Amino acid sequence: MKTRMLCAVMLVLMLSMLLSACETETPPTVTPLPEPAVLYGQIAEKTTLPAMVTLTADELYDVIGIDPAWYSASAAYFAADGTAPDEILIFLAVDEAAAESLVSVLGTRLQYKQDSASQYLTENQPMLESGVVRRDGLTVSLLVAADMDAVEGCYPE
């Protein structure tokens, strides 16, 4: 009798372990970011950016090396004053590989700007050091602005 009882308890324990192993965790909900142009609009509303100029797909390719085939939408702005470091570049990549390519090229761009500022226009160095390249799903951004807290406040944590 004790053996049957022990076998029954073991069977119940094994079944409960098996069933608990089959449970799947629910992935955390990710709030999708708005389109790049809308996101840039939110950033412009929350921060005081200098006068900015829009970059075309050709200019992005020629100046930074960003292939237009890598993204389906973008918002790309440089400070109109060529000596100001402010730069907001936001891209919606077409796929994971394109997103990684954008992260790489934008990281190189930020590093170049930081290295350049260490040699001339050193007053821009602190702002450039606070600049970031971030990836949120397929949205890839290079963000350099005086009020980075406000800029990054437009993104999920």
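May I ask for the net charge around Ala93, where only other residues with Cβ less than 15 Å from the Cβ of Ala93 are counted and Lys, Arg are +1 while Asp, Glu are -1? For residues surrounding Ala93, the net value is -4. Near Gly82, once Lys and Arg are set to +1 and Asp and Glu to -1 for all other residues with Cβ below 14 Å from its Cβ, the sum equals -3. Atom-type composition of the exposed protein surface of region 72-157 places 50 percent of the accessible area on carbon and sulfur (1.4 angstrom probe). With the Cα gyration tensor of region 38-86 giving a ≥ b ≥ c as the square roots of its eigenvalues, does the rule (a/c under 1.5 for rounded; else a/b larger than b/c for prolate; else oblate) give rounded, prolate or oblate? In terms of gyration-tensor shape, oblate.
Using the 1.4 Å probe convention, the accessible area of region 39-157 works out to 49 Å² per residue with neighbouring protein chains retained.
The values are calculated or read from the model by the stated rules, or taken from the named source; none is laboratory data. No experiment lies behind these values; they were computed from the predicted model shown. In this analysis, Cβ positions are derived from the backbone assuming ideal geometry, glycine residues included, and neighbour counts consider all displayed protein chains. Keep in mind that these areas ignore ligands, DNA and RNA; they rest on the heavy atoms of the full protein, side chains included. Shrake-Rupley method; radii C 1.70, N 1.55, O 1.52, S 1.80 Å.
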